[in-house]
Amino acid sequence: MDDIVKQALAKWPNVPHCYGWLGLDARGNWYLRDDRTQAAGPFPASKGSLLQHEKLIDFIQRNYESDERGQWFFQNGPQRVYVALEAAPWVWRVSEDLSVRSHTGQAVEPSACLIDEEGRLYLVTPLGLGLVHTQDMGLAAEAVEQGRWTPEPVRAADLPARFGHVMTPGP
């Protein structure tokens, strides 16, 4: 967490939390969801505006965490902005050397590999559960073929309870 965020939390500890305004899609993209977007339906059916400002995205990703209930949020100064998830709290990018990084840029080492009923591939890491980015499925297939990862079948609906994350946070 950024020092400036920690200072803001200390200065204003009782700022209300924000729900429904931020979403993370299955490709690691962040979406801002205004009142009109929220009224149109839940994330990801109603996504909102794709964030494209690199410094804002970097700030969100440096201050992205989960609470004790498994709800993921972005600590925006003194305000906690909870994140609606399309697939999982993390989106993994696989490199040519088959190393793995999170959508926030953190290097991780997978400990398990899961495949759901729709063929989506998930990796379990010390950071938690994440979905392999669709553009990296060829590289992921190489890791499976080399025996680095052995996919275990799962139902996507069972993943939040199994890994302790909340798809749509609420108060």
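The values are calculated or read from the model by the stated rules, or taken from the named source; none is laboratory data. This structure is a prediction, so every number in the text was calculated from the model and none was measured. Quick reminder, even Gly has a Cβ in these numbers, built from the backbone with ideal geometry, and neighbours come from all protein chains shown.
A few points about this structure:
- In the range 57-67, the residues that are in a helix (DSSP H, G or I), without any contact (Cβ under 8 Å) to a residue 60 or more places away in the chain and surrounded by 14 or more Cβ atoms within 10 Å (Cβ to Cβ): 57, 59, 60, 61
- Among the residues of the range 102-113, those identified as surrounded by fewer than 16 Cβ atoms within 10 Å (Cβ to Cβ) and closer than 19 Å to residue 62 by Cβ are 105, 106, 107.
- Matching residues in the range 128-154 - criterion: being within 15 Å of the chain's Cα centre (by Cα) and surrounded by 17 or more Cβ atoms within 10 Å (Cβ to Cβ): 128, 129, 130, 131, 132, 133
- Condition met for residue 93 (touching a Lys or Arg at 6+ places or on another chain (Cβ under 9 Å) and either modelled with pLDDT under 95 or surrounded by fewer than 20 Cβ atoms within 10 Å (Cβ to Cβ) (or both)): yes
- Scan of the range 13-48 for residues that are of a type in the set (A, V, I, L, M) and assigned to a strand (DSSP E or B), ordered by number: 22, 24, 32
Per-residue answers, yes or no, for (1) within 24 Å of residue 129 (Cα to Cα); (2) of a type in the set (S, T, N, Q); (3) assigned to a loop (DSSP other than H, G, I, E, B):
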site: 55; (1), (2), (3): no, no, no
site: 69; (1), (2), (3): yes, no, yes
site: 74; (1), (2), (3): yes, no, no
site: 80; (1), (2), (3): yes, no, no
site: 91; (1), (2), (3): yes, no, no
site: 97; (1), (2), (3): yes, no, yes
site: 104; (1), (2), (3): yes, yes, yes
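- Candidate set from the range 13-43 (those that are among the polar types (S, T, N, Q) and surrounded by 14 or more Cβ atoms within 10 Å (Cβ to Cβ)); member that is nearest to the chain's Cα centre (by Cα): 29
- Subset of the range 68-124 (residues that are free of Cβ contacts under 8 Å to residues at least 12 places away in the same chain and within 17 Å of residue 165 (Cα to Cα)): 68
- Subset of the range 134-171 (residues that are assigned to a loop (DSSP other than H, G, I, E, B) and closer than 11 Å to residue 88 by Cβ): 165, 167
- In the condition set (1) touching a helix residue (DSSP H, G or I) at 6+ places or on another chain (Cβ under 8 Å); (2) in the same structural domain as residue 59 (by TED's automatic domain parsing); (3) not hydroxyl-bearing (Ser, Thr, Tyr), residue 132 is compliant with all but (2).
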